[in-house]
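Worksheet: one structure, shown below.
What follows draws every value from the coordinates through simple rules; no lab data is involved. These numbers were taken from a predicted model, which means no experiment stands behind them. All Cβ positions, even for glycine, are placed from backbone atoms using ideal geometry, and neighbour counts span all protein chains on display.
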């Protein structure tokens, strides 16, 4: 499975993105592509802004025999509990009306850990299951380190399984981390295990082909339901993680043979830089809007106290 964050980063020419996604999925042998579609109680901003691009890419992937899935970031409760898991579930179902996916991956991390209450996992997952979705939890790799997620409740309500983020950042013991993650999750509930590996670099560190092969081999030995990679944008030829993960995953999954590497075209690099700047500007605008909304809400609450 490949997971994308900002689909528009796959190529500077949006019209080429559906074909780029199909090619990348085939190169890596991916059988599932998961789009980010929700963020808390609303649709993910890029998904809402570029709905046609997402539906066109989903159609191209399906035509190529690749399953379309989805994921979203979940906060639990925000703004003094005015927004909760029930509204987050509605956002997921709204996205499902657009993309018609069946598998959904709940990305619940520190925000959820800080705000979760008993019963919140069920309030999020039950409406999704009732709508026919297969729900997976994509959270921290080691449950023992994050008790605030309330893992036991998730184990009771999930109908998909565990999809932990096994990111061995700044380390090299990939296989050992996969095994520990598997063991800790299985101790909570004996559900299918679908680890997601790091397809990105951080602070000069990049996962190596040998680490990928070790992680993939360990997951296969443990009987993993699948293998995931986040994020797909870093697997294109423009990014350093491309050869490491694509080749290793293709070797395991039987993907198409990658083409011979081509010299970098300076115009492509310029286009990529322009595209990244556009995305940064968009993110800045979204952040400013959130800050403005927070100030407005705070002023209203202060006025109510008076």
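Which members of segment 140-153 meet the condition of being free of Cβ contacts under 8 Å to residues at least 40 places away in the same chain and closer than 13 Å to residue 189 by Cβ?
Narrowing segment 140-153 to residues free of Cβ contacts under 8 Å to residues at least 40 places away in the same chain: 140, 145-148, 150-153.
Selection gives 150, 151, 152, 153.
Being more than 18 Å from residue 152 (Cα to Cα) and over 20 Å from the mean Cα position of the chain (by Cα) narrows it down to one residue among 118, 86; which is it?
That would be 86, the only listed residue that is more than 18 Å from residue 152 (Cα to Cα) and over 20 Å from the mean Cα position of the chain (by Cα).
Would you mind listing the helices (runs of 4 or more DSSP H) fully within segment 28-125 where at least 2 residues are crowded, with 21+ Cβ neighbours inside 10 Å and touching a strand residue (DSSP E or B) at 6+ places or on another chain (Cβ under 9 Å)? Let's see the steps before the verdict.
On the way: elements: 45-49, 51-63, 85-99, 110-115.
In segment 28-125, the matching helices (runs of 4 or more DSSP H) lie at 45-49, 51-63, 85-99.
Please go through segment 170-196 and give me each residue that is outside any helix (DSSP H, G or I), in contact with a strand residue (DSSP E or B) (Cβ under 9 Å, 6 or more places away or on another chain) and closer than 17 Å to residue 143 by Cα, ordered by number.
First, pick out the residues of segment 170-196 that are outside any helix (DSSP H, G or I): 170-173, 189-196.
Within this subset, residues satisfying the condition of being in contact with a strand residue (DSSP E or B) (Cβ under 9 Å, 6 or more places away or on another chain) are 170-171, 189, 191-196.
Answer for segment 170-196, where residues must be outside any helix (DSSP H, G or I), in contact with a strand residue (DSSP E or B) (Cβ under 9 Å, 6 or more places away or on another chain) and closer than 17 Å to residue 143 by Cα: 189, 191, 192, 193, 194, 195, 196.
Looking for whichever is at positive phi and touching a helix residue (DSSP H, G or I) at 6+ places or on another chain (Cβ under 9 Å) here; the options are 76, 84, 42, 72. Which one fits?
Numbers: 84 fails: at positive phi; 42 fails: at positive phi; 72 fails: at positive phi.
Being at positive phi and touching a helix residue (DSSP H, G or I) at 6+ places or on another chain (Cβ under 9 Å) holds for just one of 76, 84, 42, 72, which is 76.
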